[in-house]
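The values are calculated or read from the model by the stated rules, or taken from the named source; none is laboratory data. It should be emphasised that the depicted structure is a prediction, and the values quoted were computed from it without experimental measurement. We place every Cβ from the backbone using ideal geometry, glycine too, and count neighbours over all the protein chains shown. All accessible areas refer to the heavy atoms of the entire protein, side chains included, with ligands and DNA or RNA removed. Shrake-Rupley method; radii C 1.70, N 1.55, O 1.52, S 1.80 Å.
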Amino acid sequence: MQRSIINQNPLAPFAYVILFIAYESLSSIYLFLPPLFAVLFVFFINAIKKEDSLEIFLVSFCLIVYESQMGFPLFSSIIYFGLIYKFVMPKLKKNFDCKSCIKVASVVLSYFGFYLFLVLLSNIFLLPMPSMNYYMLYYIIIEFFIVSIL
């Protein structure tokens, strides 16, 4: 019996998830390694555009790993990315014609916007305020170069 070549899912996305989990644990030890939050934002947007449920699930799993590593509320980044994709990104694409401007805006939105989203959640649910440090600027610069390669 022959197998259908069309319905085979490659194992590469699962390998990427395993590598991301290993990288994420290293980035929590070594602060010079960025946590790749903006890269996950770009992957999340691309997975939604392609309507690939496996990629959406794997990126969401990576976001849950990131949230648990950083101590953020569960599913907060997934909700934030969904809201940004639905309401903010169409306006950015409408107002800016250059792709690099959109990439810079998406990296800045992924970090500063998520911080503001966490501040909003902490005010609503009476959680402790999240802290922001200067490493975030370093992460934005590094991840902008990574996102521009993608």
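In the context of the full set of protein chains, residues of segment 2-150 present 64 Å² of accessible surface per residue (probe radius 1.4 Å, heavy atoms only). Restricting segment 1-110 to GluC sites (Glu not before Pro) that sit in a DSSP loop and have at most 12 other Cβ atoms within 10 Å of their own Cβ leaves Glu51.
The loop-placed chymotrypsin sites (Phe, Trp or Tyr not before Pro) in segment 1-92, going by DSSP, that have at most 12 neighbouring Cβ atoms within 10 Å of their Cβ come out as Tyr30, Phe32.
P(r) tail for segment 93-150: Cα pairs beyond 12 Å make up 70% of the total.
On full extension, the segment bounded by Phe75 and Leu127 gains 17.2 nm, given 0.36 nm per residue less the C-alpha separation.
Just the protein heavy atoms count here, and of the accessible area of segment 37-150 at 1.4 Å, carbon and sulfur take up 71 percent. Between Leu11 and Lys93, the modelled label-to-label distance comes to 3.5 nm, taking each label 7 Å out from Cα in the direction of the beta carbon. The equivalent ellipsoid of the chain has semi-axes of 26, 20, 17 Å, largest first, where each one is the square root of 5 times an eigenvalue of the Cα gyration tensor. Stretching Ile141 away from Lys86 to a fully extended chain increases their span by 17.3 nm, per 0.36 nm per residue minus the current alpha-carbon distance.
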